[in-house]
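Report on the structure given below.
The values are calculated or read from the model by the stated rules, or taken from the named source; none is laboratory data. As the structure is a computational prediction, the values presented were derived from the model and not from experiment. Here the Cβ is made from the backbone with ideal geometry for all residues, glycine too, and neighbour counts use every protein chain on show. The accessibility values were calculated without ligands, DNA or RNA, using every heavy atom of the protein model including side chains. Shrake-Rupley method; radii C 1.70, N 1.55, O 1.52, S 1.80 Å.
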Amino acid sequence: MVLRSIPAHGLTLNEGPKVQARRILILEWIERFEYVFAFLSLLIYSDAVLIVIITGGASEGDGFNFLNANYTPVKLFYLANYFITLLLLAFRYKRTLYTLQSNPLFVAISLYIPLSVFWSYAPGDTFSAGIALTFSTLFGVYLASRFSLKQQVMILGYVLVTITVLSLLFAIILPKYGIMGGIHLGAWRGVFVHKNQAGKIMVMACAVQFMLFNYVKDRYHKWVFLVGIGLSFLMIIQTTSGGALINSVFVMVIVVLTRIFRAEPRKLLISVIFLAATAAFIAMAYNPLMSFTLRLIGKDPTLTGRTDIWEYILIKIGERPALGYGLAAFWRGVNGESVYIIERAGWEVPDSHHGFLDMTLQIGIIGSSMVCLALWQTLLRGIARIRLYGSWLSSWLAVYSLYIVIVNLSETSLLIQNNIFWILTASTSFTASVEAKYLVDINRFGLADKVKISEG
């Protein structure tokens with residue numbers, strides 16, 4: 001959906017033809033810059049390319065200390081992104097304010113999380129992480145306010161195609177970087193530091209490219225996304241990540257199932273009941289299903305030790321259930337509260353390998369409930385959008401909401417600053433809310449007959 005209330009070029013009748021032509025040219029260059037900016041930002045925020053090169057192709061278990069690497073290039077990119085994002089949000093301040101007003105829940109989340117510095121077990125870490133997470137959220141706001149949903153998914157699709165192709169090239173031509181050593185010897189990781197990170201991105205790539213394949217009309221783009229789907233599956237297999245393989249099947253099924261919301265009303269109720277029952281079954285039986293399937297394909301049914309540590313994590317959550325330990329304040333190796341988990345697990349656990357447990361450790365049940373409510377809100381609005389437009393791209397809001405839930409049942413991809421998953425969580429939430437507010441405002445002010453509503 002494209003907001004029509006703000007003129008595309010902001011021209012005034014008092015300007016002469018030469019001034020108008022010059023201004024149009026400048027704005028066209030700004031528009032091109034913004035597409036490139038969004039593309040490169042999502043590429044870097046996915047942690048692709050730069051970090052694996054900076055760390056020299058080091059792998060988990062080969063003795064390399066990742067904390068000692070020089071991440072200055074990445075930090076400079078983040079600072080540049082923060083600055084440009086603020087400039088672009090200010091450039092369209094009216095649209096920015098409209099977008100923020102549409103989603104008071106996510107605004108409250110964005111204010112609440114940095115406030116955890118006041119009860120954090122590591123205030124310094126929480127303060128710096130809070131700033132980074134705030135700017136990550138603002139970049140999500142920028143995407144939602146600047147680009148229509150169609151434009152966002154197209155940009156993301158090309159980012160994921162690029163990552164997939166580069167990952168294969170790294171694995172084949174630059175195996176030092178593209179294939180892991182250490183404890184995961186031989187597993188493909190492409191342009192990422194770890195195979196699990198590659199697996200998560202490839203799962204999302206399958207879903208996005210499948211939607212785009214069904215959406216685009218011309219043959220060239222169909223072939224691009226069809227080849228992208230095949231290469232993404234190849235990467236998932238080569239990562240040897242059983243969880244990613246299973247999640248890719250789940251996500252592709254979700255994309256297809258969201259199409260049932262296009263059904264006529266009398267069939268819709270049956271479809272909703274079926275989908276709700278399926279979702280409830282997956283939520284309750286995810287870990288047993290995952291363990292059973294992993295046994296079938298010869299993988300570790302404990303998800304490489306994940307399930308063994310969850311009981312210890314629940315004990316630590318019970319000590320600070322309401323507010324948590326503060327953003328980025330729990331997992332600090334043997335120097336923080338995480339030492340309790342490490343001593344009992346017998347290995348240096350980096351995180352919970354469960355996004356919702358990690359989120360509760362950091363911001364407690366109060367903050368986690370707010371984030372879960374925002375995801376639920378996006379899902380419902382995404383379903384409404386499918387009913388309104390019926391296109392394949394309309395499924396993205398609902399698909400991403402369910403995807404991020406599934407992935408975080410065995411990995412940690414929520415509440416991470418300077419990371420594509422939190423940015424997409426923010427952008428989908430604000431995109432859904434601003435569209436809902438726009439439709440409400442049109443009806444409220446009696447403009448339904450005067451304003452043309454398009455998907456963008």
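Once you have the Cα-Cα distance between Leu111 and Ala90, take 0.36 nm times their residue separation minus that, and quote the gain in nm to one decimal.
Working: separation 21, 0.36 × 21 = 7.56 nm, distance 1.93 nm.
Result: 5.6 nm gained on full extension.
Do any trypsin sites (Lys or Arg not before Pro) in segment 158-221 lie in a DSSP loop with no more than 11 other beta carbon atoms within 10 Å, and if so, which?
Working: sites: Lys176, Arg189, Lys195, Lys200, Lys217, Arg219; in loops: Arg189, Lys217.
Here the trypsin sites (Lys or Arg not before Pro) that fit, given the DSSP loop and packing criteria, are Lys217.
Within segment 413-432, what residues put their amide N at less than 18 Å from the label point 7 Å along the Cα-to-Cβ vector of Thr134?
415-419, 423, 426
Eigenvalues of the Cα gyration tensor times 5, then square-rooted: what semi-axes does that give for segment 21-105, in whole angstrom, largest first?
35, 17, 10
Please compute the contact order of segment 38-162 in relative form: average sequence separation of alpha-carbon pairs under 8 Å and at least six residues apart, divided by the residue count, as a percent.
Numbers: 58 pairs, mean separation 39.6, N = 125.
This gives 32 percent for segment 38-162.
Which part of segment 56-83 falls in the paramagnetic zone of Asn335, meaning amide N under 12 Å from the point 7 Å along Cα-to-beta-carbon?
67-68
How far apart, in nm, are two points set 7 Å out from the Cα along the Cα-to-Cβ line at Lys75 and at Phe33?
Those two pseudo-labels are separated by 2.7 nm.
Heavy atoms only, 1.4 Å probe, whole protein assembly: order Glu435, Glu31 by accessible area, highest first.
Values: Glu435 15, Glu31 75 Å².
Largest accessible area first, the residues go Glu31, Glu435.
Report the label-to-label distance for Ala345 and Arg22 in nanometres (one decimal), using points 7 Å from each Cα along the Cα→Cβ vector.
Each label point is offset 7 Å from its Cα along the Cβ direction, giving 6.1 nm.
Quick check on my link table: of Lys150/Lys217; Lys150/Lys222; Lys94/Lys437, which ones sit more than 19 Å apart, alpha carbon to alpha carbon?
Values: Lys150/Lys217 14 Å; Lys150/Lys222 16 Å; Lys94/Lys437 15 Å.
In this structure, no pair lies more than 19 Å apart at Cα.
For Gln101 and Ile365 in one chain, what is 0.36 nm times their gap in residues minus the Cα-Cα distance, to one decimal in nm?
On the way: separation 264, 0.36 × 264 = 95.04 nm, distance 2.50 nm.
Taking 0.36 nm per residue and subtracting the Cα distance, the gain is 92.5 nm.
Highest mean first, what order results for 369-382, 64-77 on Cβ atoms within 10 Å?
On the way: 369-382: 18.6, 64-77: 11.8.
Per-residue Cβ counts within 10 Å, averaged per peptide and sorted highest first, yield 369-382, 64-77.
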